[in-house]
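Structure, as structure tokens:
The values are calculated or read from the model by the stated rules, or taken from the named source; none is laboratory data. Here the structure is a predicted model, which means the values were calculated and not measured. Here the Cβ positions follow ideal geometry from the backbone for every residue, glycine too, while neighbour counts run over all protein chains shown.
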């Protein structure tokens, strides 16, 4: 099989990802081997490749938004058949024994493992995955359409939940990349008024096309006080802007795995029971709920396709902000 490998983090302009030939995979007990159809590219992949996030192992195959079909089944696996369609996301496994797992908060498991970080991911023609952390997928949509749902979509959905936004509420989205473009569709389905803040005029137009009631830049004042806000950018100063746009009791949910420092701000911006909350990973319940919802709405994904051999170019496009929605590596 062909796979993309990262041996040493470097700026994507230096083409750190290498296409190699490797033996075909075989599943370990309790695992599936999946023949990959498509793998969406996430900004987290870029941060890993460039070293903003410390590597857990090297070399490694990145990629954690994977759609494919079950090619082989390991010993002890139940509920899966050869040829079943399967999705794989960021969370590759949890201990299922710690206090967090016992409380249904496996996203906080101390021993959690992550696809494309601790385990080889989907920038390859095959991937092995724990069977209990793979998700059944519908037959209708293409892999290119489904792949962006498996990280940006799921984590966007959890961000909505963490923000506490209620149906009909006023929601601010700060940054409007792939994850935000999926979250807005759920929020509008719930009847929320959505206000989008982004420097990109193209993203502002896209937000309005998707149903936002207003779109402006980061420095613009919100037309209405917000009940909740989600930040999708790793820039800490944006969190302060979102906080200042909140009504009393509102929550800013931070959708980011890496963030530069948050500048000092007046306590008055936080007072009156406003809150700042981080969003860490997701649970399998989040993923199953969102995938069901995404099919029913249905959530529409805008994608730019790249062949596997152009993984460096796909990451460069993500870095430059030139991707229309989500970059997706296509194995065919």
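Residue 267 meets each of the listed conditions (1) within 19 Å of the chain's Cα centre (by Cα); (2) farther than 21 Å from residue 155 by Cβ apart from (1). Look at residue 175 and say whether it is over 22 Å from residue 276 (Cβ atoms) and surrounded by fewer than 24 Cβ atoms within 10 Å (Cβ to Cβ). Answer is no for this residue. Whether any residue in segment 304-312 is at pLDDT below 95 and either more than 19 Å from the chain's Cα centre (by Cα) or surrounded by 21 or more Cβ atoms within 10 Å (Cβ to Cβ) (or both) is what I want to check. Checked against the condition, which is being at pLDDT below 95 and either more than 19 Å from the chain's Cα centre (by Cα) or surrounded by 21 or more Cβ atoms within 10 Å (Cβ to Cβ) (or both), segment 304-312 yields no hits at all.
With respect to (1) surrounded by 15 or more Cβ atoms within 10 Å (Cβ to Cβ); (2) touching a residue at least 40 places away in the same chain (Cβ under 8 Å), the lone exception for residue 69 is condition (2). Conditions first: (1) surrounded by 14 or more Cβ atoms within 10 Å (Cβ to Cβ); (2) over 26 Å from residue 142 (Cβ atoms). Residue 57 passes all but one, so which condition is the exception? Evaluating residue 57 over (1) surrounded by 14 or more Cβ atoms within 10 Å (Cβ to Cβ); (2) over 26 Å from residue 142 (Cβ atoms) leaves (1) as the failure. Give the residue that is nearest to residue 54 (Cα to Cα), with candidates limited to residues of segment 241-268 that are buried (at least 16 other Cβ atoms within 10 Å of the Cβ) and modelled with pLDDT under 95. Only one residue fits best here, namely 257. Taking (1) crowded, with 19+ Cβ neighbours inside 10 Å; (2) touching a strand residue (DSSP E or B) at 6+ places or on another chain (Cβ under 7 Å); (3) more than 30 Å from residue 54 (Cα to Cα) in turn, residue 272 satisfies each apart from (1). Residues satisfying the criterion are present in segment 155-166 (criterion: under 19 Å from residue 39 (Cβ atoms) and touching a strand residue (DSSP E or B) at 6+ places or on another chain (Cβ under 9 Å)).
If we scan segment 303-318, do we find a residue that is in a helix (DSSP H, G or I) and outside the structural domain of residue 63 (by TED's automatic domain parsing)? No, because not a single residue in segment 303-318 is in a helix (DSSP H, G or I) and outside the structural domain of residue 63 (by TED's automatic domain parsing).
Filtering 17, 48 for residues that are in contact with a strand residue (DSSP E or B) (Cβ under 7 Å, 6 or more places away or on another chain) and either farther than 21 Å from residue 290 by Cβ or crowded, with 19+ Cβ neighbours inside 10 Å (or both) leaves a single hit, 17. Looking only at residues of segment 108-135 that are in contact with a strand residue (DSSP E or B) (Cβ under 7 Å, 6 or more places away or on another chain) and in a helix (DSSP H, G or I), we find that the one that is farthest from residue 313 (Cα to Cα) is 131. Restricting 138, 148 to those that are in contact with a helix residue (DSSP H, G or I) (Cβ under 8 Å, 6 or more places away or on another chain) and assigned to a loop (DSSP other than H, G, I, E, B) reduces the list to 138.
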